[in-house]
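One structure below.
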Amino acid sequence: MRVMRTAAATAAFASLTLALAACSQASEPGASSSASSSAAPAEAGGTVRLVTHDSWAVPDDVLAAFEAESGLTVELVQPGDAGTLTNQLVLTKDAPLGDVVYGIDNTFASRAVDAGVLAPYTSAAPAAADAAQYAIPGAVDLLTPVDYSDVCLNYDLAAFPDGAPTLDDLTKPEFKGKVSVTNPATSSPGLAFMLATIDAKGQDGWLDWWKAMRANDVRVTASWSDSYYTDFSAPNYGGSYPIVLSYASSPPYEVIDGEPTTAAMLDTCFRQVEYTGVLAGAANPTGAQEVVDWLLSDAFQATLPENMYVYPVSTSVEVPADWKKYAPLATDPYTMDPAEIDAHRDEWIADWTATVLD
């Protein structure tokens, strides 16, 4: 499963990021704020630095084919999870860590846009039209959607033979000590689930829900792997919590002898979208634009489900058959305007911490 699920605390990397910024050599500006797909620099080939999260996973042959076709050498820069990635891009924008980024998600997108770390580029790849429905208003030429997924509570089917509980059920006495979630201050899925509860319960009710969950002995872990691999009572893990925070794409990997053992609670899901974009001041903006196009190609998009456990934006790519059967997406997932998330993220996390942990 994705290393991103173990997302490290973004604040813990602030000092490291400043050090990186201080010791990085500034790149000559290669793309002005007016750069676009119609005004690409003439140089081609060379090395292109792709800044991505630590759960990047693509088959070697797919990457090698792109390098052979483009004449580029792709060098990965992996500072951490989506939050850490975005924070480092912001703090090092005057000496960019790379040329192109993949992995900024909709919980941190506005931070990157407002900080000016991205240069305009509109891809002409066919999948760009499919991706348009996930675009961020006002930033369609800065961040191009690549994939999406649903962060949801997952449950052990054996523990709930009569079907999935609801968010409101989880505060009832019979669910005491049965739920394990991750901390929104240290985990990307934890942050997404906190946002789901805000959207579900509203500004006046979400902290009351969490207060009730605290009274019902909700367990809070630092990372996805702690909740999923250690706490989950599903047969593959044998923990003591029948409800844990994960993704709608997790259940296909828990099928044993053709039978599902887990399922997602689809009325608890937050839709998470990941983006790519050319970095302002890129040393190789032409190569960066080629990488954006490649990330939208069917060759790359087809690798996403089984390597990074997310849905491709391309509608011409088929997801695995077991995903269709065991990993349905939420029909009405919780969402939130990225600008609203950016305006209140720190405040909400502080309120959550005071309510659930202090």
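Only lysines eight or more places from residue 172 in sequence, or on another chain, were considered; those with a Cα closer than 16 Å are 211.
Other residues with beta-carbon under 12 Å from the beta-carbon of residue 315 carry, at +1 per Lys or Arg and -1 per Asp or Glu, a net charge of -3. Using Rg/Rh (Cα atoms, Kirkwood Rh) as the read-out, say which of (1) 0.98; (2) 0.95; (3) 1.00 was calculated from these coordinates. The calculated read-out lines up with (1). Remark: the residue 201-residue 115 segment gains 27.9 nm on full extension, using 0.36 nm per residue and subtracting the alpha carbon distance. Label-to-label distance, residue 325 versus residue 257, with points set 7 angstrom from Cα along the beta-carbon direction: 1.6 nm.
Principal-axis analysis of the Cα atoms of the chain puts helix 206-215 at an angle of about 50° to the longest axis. The angle between the Cα long axis of helix 188-201 and the main principal axis of the chain comes to about 60°, on a 0 to 90 degree scale.
Distance between the modelled labels on residue 140 and residue 335, one decimal in nanometres: 1.4 nm (7 Å Cα→Cβ projection). Just checking the listed ones, 285, 96, 126: in the Gaussian network model of the chain with Cα springs under 10 Å, the one fluctuating most is 126.
A short reminder: the numbers here are calculations on the coordinates, not readings from a lab. Remember, predicted model here, so these are calculated numbers, not experimental data. Cβ atoms come from the backbone with ideal geometry, glycine included; neighbour counts cover every protein chain shown.
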